[in-house]
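Visitor: I am attaching a structure below and will ask some questions about it afterwards.
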Amino acid sequence: MDHFTYIKGQLHAEDVPVSAIADAVGTPFYVYSTATLTRHFKLFDEALSWGPHLVCFAMKSNSNQAILKLLADLGAGMDVVSGGEYARARAAGVPGDRIVFSGVGKTADEMRMALTGGIRQFNVESEPEMQRLSAVAQGLGMQAPITIRVNPDVDAKTHEKIATGKSENKFGIPISRAREVYAQAARLPGIKVIGIDVHIGSQLTELEPFELAYAKVAELTRHLRADGHEITRLDLGGGLGIPYARTNEAPPLPTDYGALIQRTVGDLGCEIEIEPGRLISGNAGLLVSEVIYVKQGEDRQFLILDAAMNDLIRPSMYGAYHDIVPVREAAPGTPTTPYDIVGPVCESGDTFAKSREMVPLTEGDLVAFRSAGAYGAVMASEYNTRPLIPEVLVHGDQFAVIRQRPSFDEIINRDTIPAWLVDTPVPAEQE
Ligand SMILES: *Cc1c(COP(=O)(O)O)cnc(C)c1O
């Protein structure tokens, strides 16, 4: 469920007409709904209310300061995967003891930053990482609290680029070697083992892979306890999928996911952490764009938008489907026509959809991509020197720009010309 609906034939974000935001900030832009973000966070929080838990928002899905502040105020923790994300979380006011640090390539600088700034735990993904973390912590006279991310060798049945729980993926240590690696961790002076971490992939549309993975985690917990380790915390990762097309079957609900967690690991007396990203932010955002031209090709019509692959890369990167809807609702029964929907970037990969049936659209019309709140703005680039587009947050009948569109000068002034080039004159135009 989201809060983007037609009211009197006009698409609204909560109580604000999307066209009013377009008038105020220009297109393209992202717009997010406070009510949807809040609702999704609370669904997870309530689904785990049977025991001690922390819902850590995977902020790689959407890391705008305003979104982080909104979720942190609701009690969310954060799952960060870089020093930059750690800094963003702290800048948004998230206390260190609500931040977990994931990722396969944490550097010593990132470790030091989190240890000195405050951290709930590191989710360690390899033995060399564990050794480096121990050394860094020891150098600071500290012990780093860790879980070890185990790779349960479970097929998440999702897109290959976002599956992470098979043995061929780079993530975690093989669960078959876990006892050996935990024994090694117990001998490291700068390490304090507190639990187990698992994350098997993203955009999972079935519960079964979670069930298989969590059953393995439960079994491992018992083995590790028998080996003398204190396992008090289980981080079960993120990955619950969302419906990208309204015609699709609905993916599992957080409530059922929470019940599954209780069923598989609930009797172990551990504090539970989860790291949802997409399910919190995905359906809470739209990308709004204007039709620049309708171009007649030889055998097809192109809808050329002012948004492009640099603004929303999911269709070209993962072949992802997004519902694209007109901001002004068409009269019921209006016949549809197929369009190839593309952006202005000089790449054929800059295609959002092929032969998409849409009501007829014309220059100046606005369209909205649904489910664009996760892995949208955060994956954007300035390819073709197209400025990063604004982000807007709606709350009831209010809206605010939460990230400005940079000017061309701001973009250009990030580059610098080296001293040896400064004084060479650019030759005048040749005759
Ligand atoms: C990406 C990621 C998540 C979030 O995945 P979603 O599909 O957005 O829920 C959580 N934990 C880790 C370690 C991740 O890499």
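Visitor: For the range 111-198, what is the relative contact order in percent, using Cα pairs closer than 8 Å and at least 6 residues apart in sequence?
Guide: 35 percent
Visitor: Go ahead and collect, in residue order, the members of the range 404-424 whose backbone nitrogen is under 19 Å from a label point 7 Å along the Cα-Cβ direction of Ala91.
Guide: 404-407, 410-415
Visitor: Under the 0.36 nm per residue contour assumption, what length would be gained going from the current alpha-carbon distance of Ile412 and His159 to full extension?
Guide: Roughly 87.4 nm would be gained on extension.
Visitor: Rounding to the nearest 10 and keeping the result within 0 to 90°, find how far the Cα-based axis of helix 178-187 lies from the longest principal axis of the chain.
Guide: It works out to around 70 degrees.
Visitor: About the Cα centre of the chain, how large is the charge dipole given +1 on each Lys and Arg Cβ and -1 on each Asp and Glu Cβ? Please answer in debye to the nearest 20.
Guide: On the way: 39 positive and 56 negative charges, 254 e Å.
Dipole of the chain, to the nearest 20 debye: 1220 debye.
Visitor: Once the Cα atoms of helix 34-47 and of the chain are each reduced to a long axis, what angle between those two axes, in degrees from 0 to 90 to the nearest 10, is obtained?
Guide: Result, in degrees: 30.
Visitor: Here's something else I'd like to know. When Lys and Arg each count +1 and Asp and Glu each count -1, what net charge do the other residues less than 10 Å away from Lys354, Cβ to Cβ, add up to?
Guide: Within the 10 Å Cβ shell, the charges total +1.
Visitor: How many angstrom lie between the Cα centre of the range 25-75 and the Cα centre of the range 237-296?
Guide: So the two Cα centres are separated by 12 Å.
Visitor: Work out how much length Trp420 to Tyr383 would gain on full extension: take 0.36 nm times their residue separation and subtract the Cα-Cα distance, in nm to one decimal.
Guide: 10.6 nm
Visitor: Could you tell me which of Asn384, Ala137, Ile274 has its Cα farthest along the dipole of the chain towards the positive end, charges placed at Cβ (Lys, Arg +1; Asp, Glu -1), taken about the Cα centre?
Guide: Ala137
Visitor: Kindly provide the helix-only [θ] at 222 nm of the chain, computed as the sum of -39,500 (n - 2.57) over DSSP H runs of four or more divided by all residues, to the nearest 500 deg cm²/dmol?
Guide: Result for the chain: -8000 deg cm²/dmol, rounded to the nearest 500.
Visitor: How large is the dipole of the range 1-74 about the Cα centre if only Lys and Arg carry +1 and Asp and Glu carry -1, each at its Cβ, rounded to the nearest 20 debye? Could the numbers behind the result be given before it?
Guide: Values: 5 positive and 7 negative charges, 27 e Å.
For the range 1-74, the charge dipole is close to 140 debye.
Visitor: In percent, how large is the relative contact order of the chain, given Cα pairs closer than 8 Å and 6 or more residues apart?
Guide: Contact order relative to length: 19 percent.
Visitor: Once the dipole of the range 70-204 is set up with Lys and Arg at +1 and Asp and Glu at -1 on Cβ about the Cα centre, which of Ala89, Leu70, His199 lies farthest towards its positive end?
Guide: The one lying farthest along the dipole's positive direction is Ala89.
Visitor: How large is the convex hull of the C-alpha atoms of the range 33-281 per residue, in Å³?
Guide: Convex hull volume per residue, Cα atoms: 111 Å³.
Visitor: Out of the range 222-314, which trypsin sites (Lys or Arg not before Pro) are coil in DSSP terms and have no more than 14 other C-beta atoms within 10 Å?
Guide: Arg246, Arg300
Visitor: Moving on to the next point. Specify the angular offset, from 0 to 90 degrees and rounded to the nearest 10, of the alpha carbon long axis of helix 254-265 from the longest principal axis of the alpha carbons in the chain.
Guide: 20 degrees
Just so you know, all these numbers are worked out from the coordinates, no wet-lab data involved. Note that the structure is predicted; figures quoted are calculated from it, not measured. Every residue, glycine among them, receives a Cβ derived from its backbone with ideal geometry; neighbour counts consider all protein chains shown.
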